[in-house]
Amino acid sequence: GLELSHCVGTTPLGPAGPWRSGGPCKMKRVRTVFKPEQLERLEQEFLKQQYMVGTERVDLAATLHLTETQVKVWFQNRRIKWRKQSMEQKAAKLSQFGVIQPASADSTDSKDHEEDPVDVEL
């Protein structure tokens, strides 16, 4: 994007007024707005692999006319969202099954957990 070029590597000369007057690229990085086709491609790649290797990231960034950093950050955010969703799904499943069990079944409870082969991740 050309729109960013005016604030890369240039420091404004002259009196340092209140920083707000320095335009949009002072303190806050402008949030990247991805085009729908870029997002679609990023999502496709994410389905294939949650982690991007350097060279693949460079290629993808070039293909989508994005910076490598933008792709990297998108993947980081997407993983966070993905983990959060799978946590919520697990919590929902647990509440479906776990809460219904009578609390009095304390003694057997701990044993069940050890033998439970489901969902062993990381």
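The values are calculated or read from the model by the stated rules, or taken from the named source; none is laboratory data. The model shown is predicted, which means the values in this text are computed figures rather than measured ones. Virtual Cβ from ideal backbone geometry, glycine too; neighbours counted across all protein chains shown. The protein model used for the area step is the full one, side chains on, heavy atoms only, and it has no ligands, DNA or RNA in it. Shrake-Rupley method; radii C 1.70, N 1.55, O 1.52, S 1.80 Å.
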Worksheet entry | Scope the range 55-105; condition of a type in the set (Lys, Arg) and modelled with pLDDT of 90 or more; matching residues | Arg57, Lys72, Arg78, Arg79, Lys81, Arg83, Lys84, Lys90
Discussion item. Any residue in the range 68-90 that is over 19 Å from Leu47 (Cβ atoms) and open to solvent by 50 Å² or more (accessible area, probe 1.4 Å) sitting within a Cβ distance under 8 Å of a residue that is of a type outside the set (Gly, Ala, Ser) and in a helix (DSSP H, G or I)? List the pairs, counting only those 6 or more apart or interchain.
Written reply: Glu68/Arg57; Glu68/Val58
Discussion item. Tell me yes or no: at least one residue of the range 32-44 is open to solvent by less than 70 Å² (accessible area, probe 1.4 Å), modelled with pLDDT of 95 or more and of a type in the set (Phe, Trp, Tyr).
Written reply: no
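Yes/no matrix, rows are residues, columns are (1) in contact with a Lys or Arg (Cβ under 9 Å, 6 or more places away or on another chain); (2) β-branched (Val, Ile, Thr):
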| position | (1), (2) |
| --- | --- |
| Pro36 | no, no |
| Arg41 | no, no |
| Arg57 | yes, no |
| Thr63 | yes, yes |
| Gln70 | no, no |
| Val73 | no, yes |
| Lys81 | no, no |
